Amino acid sequence: MGMMLTGKDIDARTAERYGLVNEVVAHDQLIPAAEKWATWILECAPLSVRGTKEGSMRGLELPLESAMSRSYYWLQRHHNSDDRVEGPRAFSEKRQPNWTGG
């Protein structure tokens, strides 16, 4: 809130500490860091990633209670998908999940 009200900048390390950015890296490490994050995201269930993006972006327009009680298309798709079962199964079998998006 202080940044918004005063217009004062913060440095990258402070932004990281406040959770405004995921990671601070040197310029020459930017592409490897971005690729690392992309790899981590690609390892997740595709329907969960879509649902998380949809819920967080659409939820910004609503009061918290309304955002939390809404139904979101991609989260509903994930809830009714084989991937919802695959994640816990893979975890219990100590293997990487095989996401199908279906």
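The values are calculated or read from the model by the stated rules, or taken from the named source; none is laboratory data. No experiment lies behind these values; they were computed from the predicted model shown. With ideal geometry, Cβ positions are generated from the backbone for all residues, glycine too; neighbour counts draw on all protein chains shown.
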Check your understanding: Which members of region 1-23 meet the condition of being of a type in the set (A, V, I, L, M) and part of a helix (DSSP H, G or I)?
Key -> M3, M4, L5, A12, A15
Check your understanding: Would you pick out the residues in region 17-29 that are loosely packed, with under 12 Cβ neighbours inside 10 Å and more than 18 Å from the chain's Cα centre (by Cα)?
Key -> A26, H27, D28
Check your understanding: Are any of the residues in region 2-16 at positive phi, loosely packed, with under 13 Cβ neighbours inside 10 Å and modelled with pLDDT under 90?
Key -> yes
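Take E35 and tell me if it is in contact (Cβ under 8 Å) with a residue 24 or more places away in the chain and either surrounded by 12 or more Cβ atoms within 10 Å (Cβ to Cβ) or within 16 Å of the chain's Cα centre (by Cα) (or both).
So E35 does not fit the description; no.
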Review point. Which of the residues spanning region 86-98 are loosely packed, with under 10 Cβ neighbours inside 10 Å and either farther than 18 Å from P46 by Cα or over 20 Å from the mean Cα position of the chain (by Cα) (or both)?
Key: S92, E93, K94, R95
Point to revise | Subset tally (residues that are within 12 Å of the chain's Cα centre (by Cα) and loosely packed, with under 12 Cβ neighbours inside 10 Å) for region 44-61 | key: 2
Exercise for review: Kindly list the number of the only condition in (1) modelled with pLDDT under 90; (2) surrounded by 12 or more Cβ atoms within 10 Å (Cβ to Cβ); (3) more than 14 Å from the chain's Cα centre (by Cα) that fails for W74.
Suggested key: (3)
